[in-house]
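Structure first, commentary second.
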Amino acid sequence: MKKSTIDGVEIHHGSGNVFADLGLPDAEKLRIKAGLVVEIRKAMRALGLNQQAAALRMGLPQPKVSAMMRGDFTNLSERKLMDCLNRLGYDIEIRVRPAAEPLGHLTLAVA
């Protein structure tokens, strides 16, 4: 993590992945899942759905939607979160291409 000092205060610049910065295991997976949950929240708001209505539409029990809205999404796979977005009327496109570096990475891009 890059450090700098501004007016005598040490500043730590993040990597762009708060989960990695915190040293959590599976940080990349958590970053992708968090991005999907953000999009689910936006979709619910755009559609005017409360948690109960969203749960019915996504095929989840309402307590799981409540947990997801509070940031507890560890019990949901990326695939399930993508399914939730599909059920809320969103398309998901997965593109595979050669990486510029020896190790590729996942990117979540939203329109």
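Numerical summary
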quantity	calculated
Which listed residue is among the aliphatic types (A, V, I, L, M) and more than 30 Å from Gly104 (Cα to Cα), from Leu47, Leu36, Leu24, Leu30	Leu47
Selected residue (only one of Ile11, Ile92 is modelled with pLDDT under 95, of a type in the set (Val, Ile, Thr) and in contact with a helix residue (DSSP H, G or I) (Cβ under 6 Å, 6 or more places away or on another chain))	Ile92
Candidate set: region 65-79, residues that are under 20 Å from Leu108 (Cα atoms) and surrounded by 17 or more Cβ atoms within 10 Å (Cβ to Cβ); chosen: the one modelled with the lowest pLDDT	Phe73
Pairs with Cβ under 8 Å, 6+ apart, first in region 1-21 and among the β-branched types (Val, Ile, Thr), second surrounded by fewer than 10 Cβ atoms within 10 Å (Cβ to Cβ) and at pLDDT below 80	Ile11/Lys3
Matching option when the condition is surrounded by 12 or more Cβ atoms within 10 Å (Cβ to Cβ), farther than 21 Å from Leu108 by Cβ and not basic (Lys, Arg), among Gln62, Gln52	Gln62
Residue pairs meeting the criteria (Cβ under 8 Å; at least 6 apart or on separate chains; first at positive phi, in region 76-90; second buried (at least 16 other Cβ atoms within 10 Å of the Cβ) and outside any loop (DSSP other than H, G, I, E, B))	Gly89/Ala43
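The values are calculated or read from the model by the stated rules, or taken from the named source; none is laboratory data. The shown structure was predicted, so the numbers you read here are calculated from the model rather than taken from an experiment. All Cβ positions, glycine included, derive from the backbone under ideal geometry; neighbour counts span all protein chains shown.
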